[in-house]
Amino acid sequence: MTTQIQARDLSKRFERHTRRAGMVGAMRGLFDRASETVTAVDAVSFDVARGEIVGYIGPNGAGKSTTIKMLTGVLTPSSGEATVAGFTPWSERRKLAQQIGVVFGQRTQLWWDLPLIESLELLQHVYRVPEQRFRENFTMAAELLELGSFLNTPVRQLSLGQRMRGDLAAALLHDPQVLYLDEPTIGLDLVAKTNIREFLAHLNREAGVTILLTTHDLADIERLCKRIIVIDHGHIVHDGDLARLRDKIATERTMTVDFDDPPTLDDQLETRGMRLLDQTGQRVRVAFERSRLTAPDVLTALTEYGSIRDMSIEEPSIESIIQHIYKA
Amino acid sequence: MRLYLELARTSFQQQFAYRAATLAGLFTNSIFGVMIASIFIAFYRSQGNDTVASWTPDQTVTLIWINQSLLMTVFIWGWWEVTRSIQSGAIVSELLKPFDYFSYWLSRDLGRAVAHFLLRGIPTFTVGAIFFDLLRPAGVAAAFGFLGSVTLAVMISFCLRFLSNLAGFWVLDHRGVSMMYVAIFNFFSGMLAPLDFLPDTVQTIARFLPFQAVLMVPNEIYLGRMPIWQGLGVQAIWIVLLTLLVKRILRAGEQKLVVQGG
């Protein structure tokens, strides 16, 4: 498989002026300003293959957006190297721009005063998209993202969801090979979120677009990404597939069992490697280590306390997995 | 090229959306035109309507009205879109496009200038011509020379504005830069009075600065006080110098771009 995005030891350090507290501090600041160095991204390395969708996640301020800005070429890294679609982003920014699409959930790349359709047509000229190709891409986007009802509305009057859909359409008119999405579903309602996820999945499947996605919405990840890269305090703390991450970190599973009659439990459970979470009437929830016990083991052990009517097993949620990583 | 034409066209059209602002602006320019022209007429009367610093009363009054009419076309101050874009972080989306950032804004500004010439320039000058005896261009060549000179003046003014906007890469608040710029411009451009009215030393300094190429030069070509090619030549030199400077500083700014707000 060809590598589409390659990052090697990318680092970005910022100088930040600090303000001293109080009146005297503010006046001193006029003459000598104190500053500190902040390392936003620290020696980050990864490869993304053509056609992959990678979730790039981490808490606020972890360095996600900074990484993306370096990979688009807007920010020059303090050290390290990167290649995207064959270009070095920061020194070949304009050439790279032709090959990538970028969507920032928090801001628009459309022209505020222009109706959506005119913004899109202007972008046709910006990227020099042949008329035929533009029509095809435009029609596809307009249909899947349901742009029809607000094409003639000035961008500033669009709702957040509409604007987001407009921005997505704008990002792919020129057939980009790589799509960077920085929180594409932030602030949207469920319908709009689903709509956008389906659209991205379609784009990846049909056009083989490589997607790097940052998000706080883990449902985006579950729907779209097989692989996630977790960054925290500028470091990569995990890079791998979602299922393996779950195996590695979430070692405990939970079983919920409904008995015919409320059972009387004893400390035998503990010695067999189960942990009672709670019991309400006939319903009992126990946790167990997946490395020590299998689900049938647990079920067999529980039948000794009464006949069982129903059972279910819960895998840990991605939220709890991610939280676990951040804390580590 | 097609892109830059499209950008100019959309920006031209956009100006037609602001009807109330256009009327209010026309009103303001006219009031200032009447005020400043009246002060000069009173001043000339006290001098026995003689020429002052080689300027006749009609020439001075015409300059005042040309300046008021061109104010919005060359768009002297009050344009901070690039600074705002740097500070809001919107510049990121603009830098992510495969176009030349400077040419992008320049073509938008030229489209805007054409609209302002039609919507603000001609109406303001008409108001002036109704109330005062304004001079006509010194000849057919001077008339065309004036139009060419105004076009170059827009580009010089754009470069100057763009430069002061780029300060946004280094300072967080543009008000300081803005105040200095307005003061310097008004003083050295011939905005409030012909440059010849100023003390000799100041005049000499002003002649070596780009600000006079924005207002004085078009006026002098219009009035036939300066050979057309000399005026256009001076303006062209300023455009080349300023463009080089802008590109240089823009590159430096991009290098140290700290994107505000994540």
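The values are calculated or read from the model by the stated rules, or taken from the named source; none is laboratory data. Computed from a prediction, not measured in an experiment: that's the story for all the values here. With ideal geometry, Cβ positions are generated from the backbone for all residues, glycine too; neighbour counts draw on all protein chains shown.
Results, tabulated for the structure shown:
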{"item": "Subset tally (residues that are within 23 Å of the chain's Cα centre (by Cα), surrounded by fewer than 23 Cβ atoms within 10 Å (Cβ to Cβ) and facing chain B (nearest Cβ under 7 Å)) for region A:77-123", "result": "2"}
{"item": "Qualifying residue in region A:65-75 (condition: more than 17 Å from residue A:182 (Cβ to Cβ) and in contact (Cβ under 8 Å) with a residue 40 or more places away in the chain)", "result": "no"}
{"item": "Residue check for residue A:228: touching a helix residue (DSSP H, G or I) at 6+ places or on another chain (Cβ under 8 Å), surrounded by 17 or more Cβ atoms within 10 Å (Cβ to Cβ) and within 17 Å of residue A:58 (Cα to Cα)", "result": "yes"}
{"item": "Subset of region B:1-41 (residues that are within 14 Å of chain A (Cβ to nearest Cβ), surrounded by 18 or more Cβ atoms within 10 Å (Cβ to Cβ) and touching a residue at least 60 places away in the same chain (Cβ under 8 Å))", "result": "B:3, B:4, B:7, B:8, B:10, B:11, B:12, B:15"}
{"item": "Count of residues meeting criterion [of a type in the set (Asp, Glu), assigned to a loop (DSSP other than H, G, I, E, B) and within 18 Å of residue A:308 (Cα to Cα)] in region A:251-280", "result": "3"}
{"item": "Any hit, region B:85-94, residues being polar (S, T, N, Q), under 21 Å from the mean Cα position of the chain (by Cα) and farther than 21 Å from residue B:231 by Cβ", "result": "no"}
{"item": "Among residues of region B:42-83, those that are surrounded by fewer than 18 Cβ atoms within 10 Å (Cβ to Cβ), within 24 Å of residue B:127 (Cα to Cα), aliphatic (A, V, I, L, M) and in contact (Cβ under 8 Å) with a residue 12 or more places away in the chain, counted", "result": "0"}
{"item": "Out of B:192, B:163, B:250, sole residue that is within 19 Å of the chain's Cα centre (by Cα) and either within 14 Å of chain A (Cβ to nearest Cβ) or part of a helix (DSSP H, G or I) (or both)", "result": "B:163"}
{"item": "Matching residues in region A:3-38 - criterion: being farther than 17 Å from residue A:76 by Cα and part of a strand (DSSP E or B)", "result": "A:3, A:4, A:17, A:18, A:34, A:35, A:36"}
{"item": "Looking only at region A:281-295, and only at residues there that are touching a Lys or Arg at 6+ places or on another chain (Cβ under 9 Å) and assigned to a loop (DSSP other than H, G, I, E, B), the one that is surrounded by the fewest Cβ atoms within 10 Å (Cβ to Cβ)", "result": "A:290"}
{"item": "Hits in region A:48-76 (condition: within 11 Å of chain B (Cβ to nearest Cβ), in contact with a helix residue (DSSP H, G or I) (Cβ under 7 Å, 6 or more places away or on another chain) and over 24 Å from residue A:168 (Cβ atoms))", "result": "A:76"}
{"item": "Conditions (1) away from chain B (no Cβ under 11 Å); (2) in a loop (DSSP other than H, G, I, E, B); (3) out of contact with any strand residue (DSSP E or B) (no Cβ under 6 Å at 6 or more places or on another chain): number failed by residue A:133", "result": "(2)"}
{"item": "Residue within region A:303-310 that is loosely packed, with under 13 Cβ neighbours inside 10 Å, closer than 30 Å to residue A:215 by Cβ and among the small types (Gly, Ala, Ser) present", "result": "no"}
{"item": "Residue within region B:83-96 that is within 12 Å of chain A (Cβ to nearest Cβ) and among the charged types (D, E, K, R) present", "result": "yes"}
{"item": "Some residue of region A:125-134 being hydroxyl-bearing (Ser, Thr, Tyr), assigned by TED's automatic domain parsing to the domain that holds residue A:88 and under 26 Å from residue A:213 (Cβ atoms)", "result": "yes"}
{"item": "Those residues of region B:209-232 which are part of a loop (DSSP other than H, G, I, E, B) and under 21 Å from residue B:162 (Cβ atoms), in sequence order", "result": "B:209, B:214, B:215"}
{"item": "Candidates B:145, B:168, B:89, filtered to the one that is more than 19 Å from residue B:60 (Cα to Cα) and either of a type in the set (Asp, Glu) or modelled with pLDDT of 95 or more (or both)", "result": "B:145"}
{"item": "Some residue of region A:309-323 being closer than 28 Å to residue A:238 by Cβ, polar (S, T, N, Q), part of a helix (DSSP H, G or I) and without any contact (Cβ under 8 Å) to a residue 12 or more places away in the chain", "result": "yes"}
{"item": "Any chance residue B:49 is under 19 Å from residue B:194 (Cα atoms), away from chain A (no Cβ under 14 Å) and at pLDDT below 90", "result": "yes"}
{"item": "Selected residue (criterion: farthest from residue B:11 (Cα to Cα)) from residues of region B:87-120 that are free of Cβ contacts under 8 Å to residues at least 24 places away in the same chain and assigned to a helix (DSSP H, G or I)", "result": "B:93"}
{"item": "Lone qualifier among B:154, B:140, B:127 - being on the phi < 0 side of the Ramachandran plot and without any contact (Cβ under 8 Å) to a residue 12 or more places away in the chain", "result": "B:140"}
{"item": "Residue ID - farthest from the chain's Cα centre (by Cα), chosen from residues in region B:97-106 that are hydrophobic (A, V, I, L, M, F, W, C) and more than 8 Å from chain A (Cβ to nearest Cβ)", "result": "B:102"}
{"item": "Unmet requirement for residue A:147, which otherwise passes all of (1) within 13 Å of chain B (Cβ to nearest Cβ); (2) closer than 22 Å to residue A:201 by Cα", "result": "(1)"}
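This table checks each residue for (1) at negative phi; (2) free of Cβ contacts under 8 Å to residues at least 40 places away in the same chain; (3) in contact with a strand residue (DSSP E or B) (Cβ under 7 Å, 6 or more places away or on another chain).
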residue	(1), (2), (3)
A:150	yes, yes, no
A:153	yes, yes, yes
A:157	yes, yes, no
A:171	yes, no, yes
A:176	yes, no, yes
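Quick grid of which residues meet (1) aromatic (Phe, Trp, Tyr); (2) more than 39 Å from the chain's Cα centre (by Cα); (3) farther than 30 Å from residue A:216 by Cβ:
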site: A:266; (1), (2), (3): no, yes, yes
site: A:273; (1), (2), (3): no, no, yes
site: A:287; (1), (2), (3): no, no, no
site: A:291; (1), (2), (3): no, no, yes
site: A:296; (1), (2), (3): no, no, yes
site: A:311; (1), (2), (3): no, no, yes
site: A:315; (1), (2), (3): no, no, no
site: A:319; (1), (2), (3): no, no, no
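A quick yes/no check of all residues on (1) part of a helix (DSSP H, G or I); (2) more than 17 Å from residue A:52 (Cβ to Cβ):
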| position | (1), (2) |
| --- | --- |
| A:164 | yes, yes |
| A:175 | no, yes |
| A:192 | yes, yes |
| A:201 | yes, no |
| A:206 | yes, no |
| A:211 | no, no |
